[in-house]
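The values are calculated or read from the model by the stated rules, or taken from the named source; none is laboratory data. Just so we're clear, the structure is a prediction, and the values are computed from it rather than from any experiment. So basically every Cβ, Gly included, is an ideal-geometry build from the backbone, and we count neighbours across all protein chains shown. The accessibility values were calculated without ligands, DNA or RNA, using every heavy atom of the protein model including side chains. Shrake-Rupley method; radii C 1.70, N 1.55, O 1.52, S 1.80 Å.
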Amino acid sequence: MPYELNRRIKVSFVTGACVAVLVAAWNFADVEAGSKRTLPELKPEQVAELSGHGDHVNSVLFHPAGDLLVSAGHDAQVISWNFAAIRSNRRVGVPSAAWEVRRKKISDHVVSIDFDRTGQWFAASGVTRWGNGFGSSLQVFTPFGDEPFKFGADAAWSYTSIALHPDGKFIAMGSLRNELKVESLAPKKGPRGRISPVRLSKSANDIPDAVLRIAVHPQEMIVAAGGKGGWVRIYLLTEEGLQRITTAEIPDLNADNVTGLQFSPDGKNLIAAGSDGVVTVFDLKNGKHKSWSVVTKAIHWLAVHPHYPWVLLACDDNIARIFDIDTGRVVAEMAKHTQPVLCAAFHPDGSYAATGGADHTIRVWKLGIKANKRKR
């Protein structure tokens, strides 16, 4: 796989806490548009076009260390690319093969990938053909050995969205069969010393429709989910299961589908995108929200910048956009894909971005900003 797996001690589920007390303890700021502040000017420039996939590119993600770019496609391939070499490249017209580090086939179509914050854990979920039907193929690569943990082999349908806890405590997964659950990644030693997960599952019992996007809070044991019909809900993980947080009720989107869902890096807000081209920011303390109609076509993916109030949107009109959630303005457009942009990611230092599309390519963009951090 496209990363080194170093051995380290794993953790299990933590004890739950009172939902109301936890939510009230967070220091959330209200969402306000039009605030005055100085941000860098963006001048995106495409620095590489990678064409190693034979079908749609469904997901792209930078390794947390910043030296690898990982992509997953409808062709069943997970490919890692040497981003450090791409970043230092000064030549023009270098073939994609020069940047490819390795590839691995996972299931028949790979739909979602994720790292923990250290990059030691990696998960990939896809669709597998079984006889006349389809099922799930979810693999989690860990520091405990070369063989991955495998989940969901008996699922009626694939896990369309997955997210690892930042510290590798659990994996959250959602399916088209109205299922949202988390599973502990705590290890146990079995026969002949083989390490396998404890398999502690916790499920939500009130999912209204298909789960399309999920996100894990950067600090707390909290999972957000959204899906078909525009529903959005947040849950606290406790020993009893996934308990819905209703202290600040989050209204459903007007979109047919939730197509993007991420927490802000400080955990104060939940940012959602819909198939109607609208971006919504929810304040998790008081439930206030602000929405903007960004494009007239669908948004397929949403990524959050690590330092600035920007979200990267993969759009159906072949353009990736960077949108400022403070001012409600598009601050940059990246228009090199020849078919819809399906996925997007920011580099961990915030100075680069990657987009993947239905044209089977990944585009790497230098954003034209310095990677200095700014307090939000």
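Here are a few things to note about the model shown:
- Lone unmet requirement of (1) in contact with a helix residue (DSSP H, G or I) (Cβ under 9 Å, 6 or more places away or on another chain); (2) touching a residue at least 60 places away in the same chain (Cβ under 8 Å); (3) hydrophobic (A, V, I, L, M, F, W, C) for residue 242: (1)
- Screening 332, 353 for residues that are more than 19 Å from the chain's Cα centre (by Cα) and either among the acidic types (Asp, Glu) or under 17 Å from residue 40 (Cβ atoms) (or both) leaves exactly one candidate, 332.
- Of residues in region 162-206 being touching an Asp or Glu at 6+ places or on another chain (Cβ under 9 Å) and at positive phi, the one surrounded by the most Cβ atoms within 10 Å (Cβ to Cβ): 168
- Residue in region 333-343 that is among the aliphatic types (A, V, I, L, M), over 21 Å from residue 211 (Cβ atoms) and in contact (Cβ under 8 Å) with a residue 40 or more places away in the chain present: yes
- Qualifying strands (runs of 3 or more DSSP E) (wholly inside region 181-233; at least 3 residues being in contact with a Lys or Arg (Cβ under 6 Å, 6 or more places away or on another chain) and closer than 21 Å to residue 267 by Cβ): none
- In region 146-161, the residue that is modelled with the lowest pLDDT out of those that are open to solvent by less than 10 Å² (accessible area, probe 1.4 Å) and among the hydroxyl-bearing types (Ser, Thr, Tyr) is 158.
- Looking only at region 239-261, and only at residues there that are of a type in the set (Ser, Thr, Tyr) and outside any strand (DSSP E or B), the one that is surrounded by the most Cβ atoms within 10 Å (Cβ to Cβ): 247
- Filter result (in contact with a strand residue (DSSP E or B) (Cβ under 7 Å, 6 or more places away or on another chain) and farther than 22 Å from residue 113 by Cβ) within region 236-250: 236, 241, 242, 243, 244, 245, 250
- Among the residues of region 290-302, those that are in contact with an Asp or Glu (Cβ under 8 Å, 6 or more places away or on another chain) and open to solvent by less than 40 Å² (accessible area, probe 1.4 Å) comprise 295, 298, 299.
- Selection from region 63-90 of residues that are open to solvent by 10 Å² or more (accessible area, probe 1.4 Å), of a type in the set (A, V, I, L, M, F, W, C) and touching a residue at least 40 places away in the same chain (Cβ under 8 Å): 65, 68
Yes/no per residue for (1) at pLDDT 95 or above; (2) basic (Lys, Arg); (3) farther than 16 Å from residue 346 by Cβ; (4) surrounded by 18 or more Cβ atoms within 10 Å (Cβ to Cβ):
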| residue | (1), (2), (3), (4) |
| --- | --- |
| 276 | yes, no, yes, yes |
| 280 | yes, no, yes, yes |
| 287 | no, no, yes, no |
| 304 | yes, no, no, yes |
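- Selection within region 335-352 - among the aliphatic types (A, V, I, L, M) and open to solvent by 50 Å² or more (accessible area, probe 1.4 Å): 335
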